[in-house]
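Taking it in order: structure first as structure tokens, then the write-up.
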Amino acid sequence: MKKNILYLIAASLCVMFIAGCDDFLDTKSLTKKDTSNFPMNETDAFQMVNGIYVMMNNNLADPEEDPFFIFDIASDDRLGGGSQSNIGAQGVDRLMNSYIDWMKPLWLCRYAGINRANNALETIDNVTGWSSPTKKEQLLCEIYFFRAWYYFNLAQVFNGVPLVLSTEPQNLPRNTPDEVYAQIASDMKAAIEHGPALRYPEFGEGRVSKWTAEAMMARIWLFYTGFYKKSDLPLAEGGSISKDQVVTWLEDCIKNSGYGLVSDQRNLWPYTNPFTAADYPYAKDNGLKWVGDENIENMFAVKMGNKGDYAGGYGGQIHHNRIVEFYNLRKTVESAFPFSVQGYSNGPVCEKLWTDWAADPDYAGDYRRVGSICDRLVEIPNYPGDIAKEVENTNLYAKKYAGVEAWNEDHTSRYLSYAVYYGSENNRQKGLTQSLVWLRFADVLLMHSELTDGKTIYNGKSGLNAVRQRAGLPDIGYSLANLKKERRYELCFEAIRWNDLRRWGDVSEIVKNQVGNKILNEKYTGEYKFTVDFMQRYQATEGGFFKIPEDQVTLSEGVLEQNPGWGDGTTWAKGDLPYFK
């Protein structure tokens, strides 16, 4: 049976059927490439693997249903925000369902990526005449990494999901979480073993590496053992991965990868780019200099392209960062500069993060607080906001993933994105080309500290203190409490906090930190409320798992079971915000 694979040349529509993906046609084509003639050479193989990467971008067509957005909004450090119409973010924030077939784009895109990885594993041996043995090994590393990572996303959002390990169409029931994580671990281990030990960036800019797999294995291990209360991470082929093995991989990554910390954490974020910083007093006065999206600290990211198409919806090509678009301020004017790229005001920062950070004596003088959060009333006091629409507005705005403008060359007008200077479009959507970073070296150092109780590892310091030193803070003794605080502050707004709280058993922090936040809802002042009992929802969903898309359950004719806690009365709709009752 030959299968068409035109999708590898240009990202195209994938029709999902239950747990399989009809990314291919079961027929021979006389005009298109199929598995009888593709891949045939090294160039074909790289195109094939690039098609696996593409599915990360395609999910961004529906940002409210991208794992990054879900994990970020679900934590205690952001509210849903937006307007009364932005029920997606508000639903995630409250563990409620927002739309018919909620989470369907996530399900489709992640399984499409898995199917592409399966196809790559089934066909890569067709290629002969590799330019070097490491080329094939590098691609195998990437293929195994992505199958593991896509399943990890699905497992953290949905818990047990069907394991599809071939391209044959199948109607499969859900596997247990233990089975899913065993496959994730086996694939990630294979990625580590196949990955050449080439230092950054010798394996290729923007590409997954052995080091990325070693670090991601630690994140998988910490979540699985913490959330499910296990001592080891199982392997599909039998046996398990121990904490000691994970530590060995982390130390290999830290010592041999070529990755490291940039000198100032703020230089990771686009507001420090030279074309914006020249007119942004905070960046200019602090001598901040952007290191770009590709740098020694960003180990795994969704890369954006310049001048890409945007067809919208699942299957459409998308090359800009719509999560940034959803976080951007509403009804922006020049007085909001540099954060004046118009958006939907989702994800306002919780006041409790701002005040906890300021009040903690262990963080006195930490530049990351103002480097990560914009106090609108101080930094952009003349920005009026959008009183007619904004809800759950705390007047605190996250800077890390924020659209930033820049003045044109003669300062007569502003470009809608600084990225114009890097070849992008002058467009408030297509100009948002900031990478979506899933893994930074700072996280690697903090995971090492957590797993070793603060063992010395980097520049004569523990990972915890190396990260603190970069922030201009003195050394501190290791404790889990100190580690938790450091992860909250260093990694805020990076889609880490929600799953940290889940694995530590600290989800009740969400209620404590969110309820009572002073907010502005259109023209009304008030305090944040859940309406539903959040911890009751968390328990009902057996630990914060979301609803499986209803059409997938229906199409399976009873084979695929819905997650607990998603019956009647769990839908969040426009008008459900409590502030207007």
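Read-outs throughout are calculated quantities, based only on the coordinates presented, and are distinct from any laboratory measurement. Computed from a prediction, not measured in an experiment: that's the story for all the values here. Cβ atoms come from the backbone with ideal geometry, glycine included; neighbour counts cover every protein chain shown.
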Problem - Net dipole in debye of the chain [+1 Lys, Arg Cβ; -1 Asp, Glu Cβ; about Cα centre; nearest 20] - result: 480
Problem - Theoretical FRET efficiency, 1/(1+(r/R0)^6), r = Cβ-Cβ of Ala573 and Ser479, R0 45 Å, to 0.05 - result: 0.55
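How would you classify segment 60-132 from its alpha-carbon gyration tensor, with a ≥ b ≥ c the square roots of the eigenvalues: rounded for a/c under 1.5, else prolate if a/b is greater than b/c, otherwise oblate? Please list the in-between numbers first.
On the way: a/c = 4.24, a/b = 2.84, b/c = 1.49.
It is prolate, given that a/c is not under 1.5 and a/b is the larger ratio.
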Exercise for the section: Take segment 265-439, compute every pairwise Cα distance, and split them into 10 Å bins from 0; I just need the percent in each bin. Expected result: 10, 37, 38, 13, 2
Problem - Helix 104-123 vs. the chain, principal-axis angle (Cα, 0 to 90°, nearest 10) - result: 40
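Between the DSSP loop rule and a limit of at most 16 other Cβ atoms within 10 Å, which chymotrypsin sites (Phe, Trp or Tyr not before Pro) in segment 324-400 are left?
Working: sites: Phe326, Tyr327, Phe339, Tyr344, Trp354, Trp357, Tyr363, Tyr367, Tyr397; in loops: Phe339, Tyr344, Tyr367.
Of the chymotrypsin sites (Phe, Trp or Tyr not before Pro), the ones in loops of segment 324-400 whose Cβ has at most 16 other Cβ atoms within 10 Å are Tyr367.
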Exercise for the section: Give the order of Glu179, Glu425 when sorted by the count of other beta carbons within 10 angstrom, beginning with the fewest. Expected result: Glu179, Glu425
Exercise for the section: Enter the per residue convex hull volume of the chain, computed from alpha-carbon coordinates, in Å³ rounded to the nearest integer. Expected result: 146
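State to the nearest 20 debye the size of the charge dipole of segment 265-439 about its Cα centre, where the only charges are +1 on K and R beta carbons and -1 on D and E beta carbons. Could the numbers behind the result be given before it?
Details: 18 positive and 22 negative charges, 67 e Å.
Here the size comes out at about 320 debye.
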Completion exercise
Any GluC sites (Glu not before Pro) in segment 181-253 that lie in a DSSP loop and have at most 14 other Cβ atoms within 10 Å would be Glu202, Glu205, Glu237
